[in-house]
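What follows is a short report on a single structure.
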Amino acid sequence: MKKILFLLFSGMIFCQPRIGEMRALTSTLEVRELAYLGNKIIFGTGGGLSTYNTKSQLYKIFTRDHGLIDTDINTVHVGLMENIWIGSNMGIQVWDPLKQLIVNWFQLDIDKVSGFTNYKNMIYSSVRKNGKWGIMEFIYSNEKIYYRDFYHRDDINDIVKIVSFEENIILHTNQGLIAGNPHKEHPLYWTNPFPNITGDIQAINTNNNSLAIISSDAIYSIKVGGTPEALVRDNSNLSSINYVELKGDQDIFAISDSVLFDIGTDRFEKIYSNSDIKFSSIVNYNSQIWLGSELGFGYLNNSKFEHIVNNEPYVASPDAIYYRKNKVFMADEKGLSLTGWSNLSVNPYLKDRYDDLYMKTINIDLGIYISEKISLDSLIYLSLYNSSTSGIASFDISSNIKLNSLLLTNKEMTENGFHFVVPDIAIDKKRNLWAISNNNKMKPLTVFYNEVSRNISVEESGYILSNESNKISVDNFNRIWILSPSGLVMYKYTGDAMNPDKEIWIEEDIDPGITTRIPFDINVSPRNRLWILTSIGLIHKDLQVSETNPVISTGPLGSQSNLYPYFPSIPFNDYSRIRFDPRDNVWVTTRSSGVYVLTEDGDYWPSINGLNTSNSNLLSNHVNDISFDSKQGLAYIATDKGVSIVRIPFADKKKSYKSVEIFPSPFIIPNMKPLTINGLKDDSSIKIMSLNGLVFRSINKSDIKGYQAFWDGRDDEGNLVGSGIYLIAIYSNKASLIEKVAVIRE
């Protein structure tokens with residue numbers, strides 16, 4: 001085991017940030033492919049591009065913060081001119097390792113990239129484009145890279161590997177091997193170059209002089225100009241091999257999920273085995289074998305695997321995220337992570353294998369995904385979807401993550417055994433935990449208080465409660481709102497929820513005018529407005545204290561008093577969630593188009609298009625959850641590719657001007673980025689003045705959104721001001737402040 005110097009180029013700390021700016025929080029523990037260049041090992045990971053300097057032991061990570069278009073990387077390759085070719089499910093990126101930036105980006109309707117190869121001063125990539133597999137051709141000209149063409153075959157459903165050998169490109173496909181010269185013939189006419197090799201092809205690779213092919217029947221070595229020579233035949237381990245690497249003409253290393261093999265003529269040896277590690281890639285660099293795995297990387301040192309793992313979040317694509325007291329908690333079906341990083345895993349990783357990674361194992365099933373999270377004091381409750389262990393798990397996050405309790409909703413036997421399916425949970429004003437349960441259709445509602453529980457049946461509700469209930473929320477009057485495809489139900493209890501003195505059940509239409517509006521989620525805002533997300537937009541109901549008539553009105557209404565939903569054409573679904581920021585604005589997640597934000601005034605922020613990968617550095621348009629730092633004004637957006645942290649104008653209200661910051665100073669104009677005045681109170685106005693009090697620019701409170709204001713260095717007429725010292729007068733009804741800033745006009 002080796003200590004490494006870890007340099008994370010993306011971070012959670014913002015240095016003088018502006019509203020709308022983003023940072024990425026990703027996990028690079030899952031290493032998918034290795035390459036090498038100079039003294040560096042190159043990693044393609046699920047959280048970005050990484051490099052490890054074998055001499056200085058410096059480990060760097062690059063994400064969207066550094067120009068990557070996509071961080072969910074499948075494959076990496078050192079191409080011509082020593083550029084790094086990066087393949088993902090979004091396209092192909094070309095990275096300049098010296099300048100540390102993307103020099104080319106090719107989307108081209110690509111939906112998967114599985115590999116690259118250098119061929120006659122060109123680059124060929126195996127890709128799936130619009131659902132069809134083939135090879136994509138790129139040329140270098142005048143030190144620039146150009147896409148040339150795409151050649152596909154309809155009979156290929158997958159290309160596992162692409163290599164160059166002699167005059168041919170060889171493809172490892174689901175149909176076996178095919179090869180040909182792309183300069184002479186279309187891949188439609190390529191054929192199997194080695195028809196005498198039997199068995200299913202497991203892996204192929206090349207070096208300068210040889211080609212290694214592993215089938216389920218034998219291991220072959222082929223020298224340039226030669227024919228296949230079987231090194232080993234009929235070994236039971238052959239069908240488990242996934243990757244192969246050459247160290248000589250007839251000396252080969254190969255890996256299965258957890259075993260490293262050393263192979264030669266009549267030699268097939270296990271030289272390292274560890275059931276706790278799942279290997280994903282192998283390279284022979286400087287006479288040393290480097291291995292990537294689903295949890296870090298390392299190298300073989302005298303039959304010992306030196307495992308290198310930094311202390312990063314284990315959770316790479318959170319289903320649920322929660323911010324509390326400078327700590328971020330994340331959870332998915334594989335485990336949990338807490339800033340520090342403290343990690344719990346459902347997989348049995350052994351802690352003594354790693355120097356730096358803080359990882360413990362929990363012997364529970366977190367289901368196929370975390371459907372909801374809710375906090376109570378230092379506890380986080382997670383509702384589990386399709387878990388064999390429990391319906392709800394609670395964890396103490398006051399320091400490291402600790403399992404607190406497992407709560408069992410009423411269960412019933414299925415053909416797959418007992419499983420708990422809890423799509424939603426909520427906590428009421430009396431600290432009772434309510435759960436919707438789909439694992440017993442006749443008792444879909446359960447309430448917990450400490451270790452005591454009560455299951456509520458459809459019959460008890462007078463058959464008002466639906467056995468298809470799937471969402472739940474609590475209003476400010478401590479009434480329980482339950483959503484199902486057929487509509488809304490309000491439940492009110494008096495006294496103890498376990499043994500109520502009185503119960504009221506009321507049915508409520510989602511939209512009395514439209515019966516086909518499919519509901520997806522509900523949530524009650526701090527202002528006691530019940531928001532409902534449907535298949536044709538976001539609507540709301542204003543609530544009142546009446547137990548028999550709880551809804552005052554349904555909106556928003558158009559000019560003809562018809563219901564006119566917000567976001568009517570957005571593809572929401574059952575996984576979309578409604579969240580509220582510190583200013584009670586509504587945030588709605590999607591799994592295909594990012595996040596949409598509606599302010600309390602009914603305006604869209606930052607526009608009707610919300611936040612997505614095309615208008616921001618959001619890591620992915622597949623968004624699972626959001627949590628907020630109300631003090632700093634940050635939104636933590638959990639995606640399937642990590643967490644994007646965005647500065648928002650919706651922090652807690654400032655009580656004074658003590659925290660005002662003005663940056664940059666000096667302010668050099670003209671400038672693409674404006675001067676930022678940070679830390680403003682609500683209803684602030686600003687005047688930019690000369691030292692003798694002459695006002696050059698007025699910024700009215702109607703022009704300021706949130707706690708930041710911006711100045712572009714121009715006066716009220718739109719002209720750039722001259723170099724000098726300027727006064728910035730900030731004032732509201734009850735406070736004022738005057739600061740100075742130096743302006744340099746170039």
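Throughout, read-outs are computed from the coordinates displayed, never taken from laboratory work. None of the values given here were measured: they were computed from a predicted structure. Positions of Cβ are generated from backbone atoms using ideal geometry, with glycine treated the same way; all protein chains shown enter the neighbour counts.
Using a cut-off of 30 Å between Cα atoms, the listed pairs Lys402/Lys441; Lys631/Lys740; Lys373/Lys541 include Lys402/Lys441 as exceeding that distance. Pairs of Cα atoms nearer than 8 Å and 6+ residues apart set the relative contact order; for the chain it is 7 percent.
Note on Asp155 and Glu451: their simple-model spin labels are 6.7 nm apart, each label 7 Å out from Cα toward Cβ.
Over the Cα atoms of segment 77-122, the radius of gyration divided by the Kirkwood radius equals 0.96; this is the Rg/Rh ratio. In order along segment 327-339, the phi-based Karplus estimate (6.51 cos²θ - 1.76 cosθ + 1.60, θ = phi - 60°) of 3J(HN,Hα) comes to 10, 10, 10, 9, 8, 8, 5, 8, x, 9, 9, 9, 2 Hz; Gly and Pro are listed as x.
The relative contact order of segment 273-396, computed from alpha carbon pairs under 8 Å that lie at least 6 residues apart in sequence, is 15 percent. Scattering from segment 606-667 was approximated by placing one identical point on each alpha carbon and applying the Debye formula without solvent; log10 I(q)/I(0) at 0.13, 0.14, 0.18, 0.20 1/Å stands at -0.47, -0.53, -0.77, -0.86. A straight Cα-to-Cα reach below 19 Å connects Lys443 with the lysines Lys411, Lys471, Lys492, residues fewer than 8 places away in its own chain not being considered.
Charges on Cβ only, +1 for Lys and Arg, -1 for Asp and Glu, centred on the Cα centroid of the chain; of Ile648, Tyr369, Thr28, which one is farthest towards the dipole's positive end? Value computed over the given set: Ile648.
Here, segment 661-745 has an Rg and a Dmax of 11.9, 34 Å when only alpha carbons are counted. Each Lys and Arg contributes +1 and each Asp and Glu -1, all at the Cβ; summed about the Cα centre of the chain, the dipole is approximately 2200 debye.
List the relative contact order of segment 43-105 as a percent without decimals, with contacts defined as Cα pairs under 8 Å and 6+ residues apart. Contact order relative to length: 24 percent. Between the listed residues Pro193, Gly131, Tyr59, the Cα displaced farthest toward the positive end of the dipole of segment 58-195, a dipole computed from Cβ unit charges relative to the Cα centre, is found at Tyr59. With 28 Å as the limit on Cα-Cα distance, the pairs of Lys247/Lys304; Lys327/Lys655; Lys55/Lys112; Lys99/Lys223 that go past it are Lys55/Lys112; Lys99/Lys223.
Note on Lys144: aspartates and glutamates with a C-alpha under 17 Å away, same-chain residues under 8 apart excluded, are Glu82, Asp96.
Where does the charge balance sit around Arg529 when Lys and Arg score +1, Asp and Glu -1, over other residues with C-beta under 15 Å from its C-beta?
Combined, the nearby Lys, Arg, Asp and Glu give -3.
3J(HN,Hα) couplings calculated from phi for segment 428-436 with the Karplus curve 6.51 cos²θ - 1.76 cosθ + 1.60 (θ = phi - 60°) are, in sequence order, 8, 5, 9, 6, 7, 9, 10, 9, 8 Hz; Gly and Pro show x.
Counting beta carbons within 10 Å around each of Ile135, Ile241 and listing the fewest first gives the order Ile241, Ile135. The GluC sites (Glu not before Pro) of segment 182-283 meeting both criteria, a DSSP state outside H, G, I, E and B (loop) and at most 15 other C-beta atoms within 10 angstrom of the site's C-beta, are Glu185. All Cα-Cα distances of the chain, cut into 10 Å bins from zero to the largest, leave 3, 12, 19, 21, 19, 14, 9, 3, 0, 0 percent in each bin in turn. When you work out D = kT/(6 pi eta Rh) for segment 537-614 at 4 °C and 1.567 mPa s, using the Kirkwood radius from C-alpha pairs as Rh and the Stokes-Einstein form, the result is 94 µm²/s. Spin-label pair Glu167-Asp257: with each label point 7 Å from Cα along the Cα-Cβ axis, the two points sit 4.3 nm from one another. A P(r) calculated from all alpha carbon pairs of segment 511-651, with 5 Å bins opening at zero, reads 2, 10, 20, 23, 20, 13, 7, 4, 1, 0 percent. Rounded to the nearest 5, the antiparallel percentage of DSSP beta bridges internal to the chain is 95%. Ordering Ser437, Ser210, Ser239 by the number of other Cβ atoms within 10 Å of each residue's own Cβ, fewest first, gives Ser239, Ser210, Ser437. Taken one residue at a time, the phi angles of segment 74-81 give Karplus couplings (6.51, -1.76, 1.60, θ = phi - 60°) of 8, 8, 10, 7, 8, x, 5, 6 Hz. Gly and Pro are set to x.
Between Gln107 and Gln175, the distance separating the two model label sites (each 7 Å from Cα on the Cα→Cβ line) works out to 3.1 nm. Placing unit charges on the Cβ atoms of the charged side chains and taking the dipole of the chain about its Cα centre, the candidate lying farthest along the positive direction among Ile637, Leu675, Gly176 is Leu675. The share of Cα pairs per 5 Å bin across segment 354-451, counted from zero up to the longest distance, runs 3, 13, 24, 23, 17, 10, 5, 3, 1, 0, 0 percent.
Cβ crowding within 10 Å ranks Met672, Met122 as Met672, Met122, fewest other Cβ atoms first.
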